[in-house]
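Trainee: If you scroll down you'll find the structure; I have some questions about it.
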Amino acid sequence: MTDYTLAQLSNYSVYSAMVVLTLAMLAYALYLARIAPERSERTAEVRERELVPAGAGAEKSASGLDAPPPGPGAGAGESPGVRAAGVDVPEPLGARKAGGVGRTLTMLGTLLVVAGVVLRALEVHRWPLGNMYEFALVGAMFTLVLFTAWSARRDLRWLGLFVVGPVLLVLGAAITVWYTDASELMPSLRSYWLAIHVTVATMTVAVFTIGASLGILYLIQDRLETSGSPRAAFMRRLPSARGLERLTYAAHVVAFPMWSFTLIAGAIWARQAWGSYWNWDPKEVWTFVIWVVYAAYLHARATTGWKRQNATWIALAGFVCVLMNFAVVNMYFVGQHSYSGL
């Protein structure tokens, strides 16, 4: 099979994955939309039955403030209902079907993206991380793999829309804006450190992406809960603000050591390739800036007196730095890392 054929097959896999993931995104959106009306009506009925005999303690539970989040606590193989006033409200059949379709299509889209990455690697005869297109493609793959693996352990159908959507944007930009034909690596990149340093960096960005999605949802949910404003239907399906904040923190606790390794491994590779551990290259500087911002987030999150909302804003600032490092520094800053191919 020729390299040209492999390139075509890789592109077809990416295009097919985009179609499948678009359908998955629509299925997740339908899942959130279909369950909320049923949940609202049935929850009202349950509250009315439970309020009088349960007394004041159950009244607080019926308000939903201290009730456990409905979906994420359930196992992946279960069909969780909505929990209100201590009673499980069955999940509507339409919502369950939409969520199942979304999950299945996400798994299929993940396999297609993996196929696109493998075919690209066979085409270029190296680890496919030599330019922005390949980095974006592998980053999308890791994000989907991480999400599907996590979904196998707990019910994350409520999160699918907010993960698949950003992945679709990245794939669209990769195949239309950042796409480059196969090319040889510059001499400094021909090292086993490419597979180590850049792979870990890409995996970390995938975790940061999920963490950023969770952080945004947390801030919105917290604002709605604090203000007492009526929440949109799909926001009532999501976990509580407290639960979303804990998931946000957990994602960054996993990602930060990985980014620390990325920074250290990059310095070791720079010593081998350029003769110095630190060269004040724009990519090196921005990698360190990202590390500092996320370290500030973790410090603020653990510091008494800091509001968790403010700490989350720091985490989102870190993700903005990640985007700047990829989409701006690679394209407009000239340095020893100028290998994007654009």
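Trainee: Residue by residue through region 249-286, note down the ones that are surrounded by fewer than 17 Cβ atoms within 10 Å (Cβ to Cβ), part of a helix (DSSP H, G or I) and hydroxyl-bearing (S, T, Y).
Mentor: The one that is surrounded by fewer than 17 Cβ atoms within 10 Å (Cβ to Cβ), part of a helix (DSSP H, G or I) and hydroxyl-bearing (S, T, Y): S260.
Conditions tested, residue by residue: (1) farther than 15 Å from V207 by Cβ; (2) of a type in the set (S, T, N, Q); (3) at pLDDT 95 or above.
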| residue | (1), (2), (3) |
| --- | --- |
| G130 | yes, no, no |
| M141 | no, no, yes |
| R154 | yes, no, no |
| R157 | yes, no, no |
| G160 | yes, no, no |
| L168 | yes, no, yes |
| A173 | yes, no, no |
| V177 | yes, no, no |
| T180 | yes, yes, no |
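Trainee: Output the residue which, of all residues in region 169-184 that are of a type outside the set (S, T, N, Q) and in contact with a Ser or Thr (Cβ under 9 Å, 6 or more places away or on another chain), is surrounded by the fewest Cβ atoms within 10 Å (Cβ to Cβ). Step through it out loud before you land on a result.
Mentor: First, pick out the residues of region 169-184 that are of a type outside the set (S, T, N, Q): 169-175, 177-179, 181-182, 184.
If we keep only those that are in contact with a Ser or Thr (Cβ under 9 Å, 6 or more places away or on another chain) as well, we get 170, 178.
On the way: V170: 19, W178: 22.
Result: V170.
Trainee: Right, here's the next one. For region 158-210, what are the residues that are part of a loop (DSSP other than H, G, I, E, B) and more than 24 Å from M324 (Cβ to Cβ)?
Mentor: D181, A182, S183, E184, L185, R190, S191, Y192
Trainee: Sticking with this structure for a sec: If you scan region 99-124, which residues turn out to be touching a residue at least 40 places away in the same chain (Cβ under 8 Å), over 12 Å from S10 (Cβ atoms) and of a type outside the set (V, I, T)?
Mentor: Correct list: G99, G102, R103, L105, M107, L108, G109.
Trainee: Those residues that are under 17 Å from the mean Cα position of the chain (by Cα) and not assigned by TED's automatic domain parsing to the domain that holds Y4, I need them from region 156-199; list them, please.
Mentor: T199
The values are calculated or read from the model by the stated rules, or taken from the named source; none is laboratory data. Everything quoted here is computed from the prediction, not taken from an experiment. Ideal geometry is used to build each Cβ from the backbone, glycine not excepted, and the neighbour counts take in all protein chains shown.
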